[in-house]
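Computed from the coordinates by the stated procedures, all read-outs in this text should not be read as laboratory data. This is a predicted model, so every value here is computed, not measured. Quick reminder, even Gly has a Cβ in these numbers, built from the backbone with ideal geometry, and neighbours come from all protein chains shown.
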Amino acid sequence: MRLGWASRIAIGHDGNRCSMHLRHRLGGRVDVARLRRALATVPLPRAADGRLVLAADLTCWLRPSAHTSSQRTLCLTYGRGKDQHIPVPGWPYSVVCALETGRSSWTAPLDALRLAPGDDAATVTAGQMRELVERLITAGQWKDGDPDILIVVDAGHEVPRPAFLLKDLPVQVLGRMRSDRVLRRAVPCREPGVRGRPPRHDGEFVFGDPTTWNPPDAQTVTQTRPYGTATARAWDRLHPRLTHRSAWTAQLGVLPVIEGTVIPLQVEYLPSGATPKPVWLWWSGTDATEADVDLLRQAFLRRFDIEHTFRLFKQTLGWTCPKIRTPEAADRWTWLILTVFTQLRLARPLDDQSQGMPAEGVGWAAAEATARRSGGGLPALVVEVAAGGQAAGSTSGCVNRTGLPSDRA
């Protein structure tokens, strides 16, 4: 990172509201490529079997009033106003984090990429993942003989698409599918003497119609305290019937058959009393064992830790507080936030009190205790930042009610 004239963004704390003042305008440069390589070399958390588990998701920097800012696109928001789901102009970012195990909500952010208007989320994320996996291999985070890297995404990424684009890398893709999907079974071996064009798809597997299901190839049953009996079943070698639409429009020739394993997760009851509905997962691997099904179930549930990371970015570190005009300046500020978060994550072992603390995690005397004394924010975070573009005005009233992620004892 290189800085030009000193530009200081002071984040002060006033109760539960933060004020941000841009004191100087300057020119400077943030070497994003170097930051990407540096993040790939730091110690990363791993799953119980030693593999890396990467989660990718979209989060938006909403800029509804920035009418002169370019590259904005409509970001779907939930629960705004009177529980309305409305699109708001902003800059969507695809963020990739390495997931931890155990009783912790920490993640290790490794990359952030802004989506331009018209970009397909699945295609952009696949390209982002390809570059990240190559950096991790170069940094020695994955070697020959190690388990494949597991990539976990949500339903908005159309899971078979990144699985197809990353098939030449040592990765497996796990993600959620909508509950109204219809997949097709693999075509059985053709009998001798049968003429005509061989079929590419067999019978339907309808998520919402149990009569189309055959007995599962693997099944696990786990007893949980908040949800009762949790059941995970697996059906092998199911694939979507692709058409030349959406992300597959530019695909020339015959569309591929992308086989995988379907895993619905079903719980007995919900703490809220609502009727539980199954969560449908699709995994790019095949021939899943019961151990595989249990590992995949746990990996998908860990994906929700990335939501805590987004909340910390916005409410504690003030990611979306600056009134930045240009998307290039937003990219630089985003990478500074990732750098600050990484420094905090790597500082966790420095505090002896971080072991065995309650759920709120009151360890880290140097960082977290200071944040919590001020009401959950970082009260005196002063960042020397090179802002290449003009920042429009100042802002106040950024609600900041949360502290740092917890190490749950």
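Tabulated results
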item: Share of Cα-Cα pairs in the stretch 63-167 lying beyond 22 Å, as whole percent; result: 46
item: Of HIS201, VAL254, HIS239, farthest towards positive along the dipole that unit charges on Lys, Arg, Asp, Glu beta carbons give the stretch 158-265; result: VAL254
item: In order through the stretch 262-278: 3J(HN,Hα) via Karplus (6.51 cos²θ - 1.76 cosθ + 1.60), integer Hz, x for Gly, Pro; result: 9, 10, x, 9, 10, 10, 6, 7, 10, x, 6, x, 6, 6, x, 10, x
item: Sequence-distant residues sharing a close amide H with ASP111 (under 5 Å, placed H); result: VAL96
item: Alpha-carbon Rg with Dmax, taken over the stretch 155-289, Å; result: 16.9, 59
item: Range of Cα positions in the stretch 210-313 per principal axis (Å), largest first; result: 51, 43, 26
item: Extension gain from VAL221 to ARG190, taking 0.36 nm per residue of separation minus the Cα-Cα distance; result: 7.6 nm
item: Approximate spin-label separation LYS323-GLU307, in nm, with each point projected 7 Å along Cα-to-Cβ; result: 3.2
item: Cα centroid of the stretch 89-153 to Cα centroid of the stretch 162-234, whole Å; result: 25
item: Estimated FRET transfer efficiency when R0 is 22 angstrom, pair VAL88-ALA33 (beta carbons, to 0.05); result: 0.10
item: Around PRO162: net Lys/Arg minus Asp/Glu count, Cβ-Cβ under 12 Å; result: 0
item: Two-site FRET efficiency, ASP202 against ASP148, from Cβ-Cβ distance with R₀ of 25 Å, rounded to 0.05; result: 0.40
item: Gain in span if fully extended, THR68 to THR275, counting 0.36 nm per residue against the direct Cα distance; result: 69.9 nm
item: Mean Cβ neighbour count within 10 Å, used as a protection proxy, ranking 334-344, 180-190 highest first; result: 334-344, 180-190
item: Residue-by-residue Karplus 3J(HN,Hα) for the stretch 61-75, coefficients 6.51, -1.76, 1.60, Hz, glycine and proline x; result: 9, 6, 9, x, 9, 8, 5, 8, 7, 8, 6, 6, 9, 6, 10
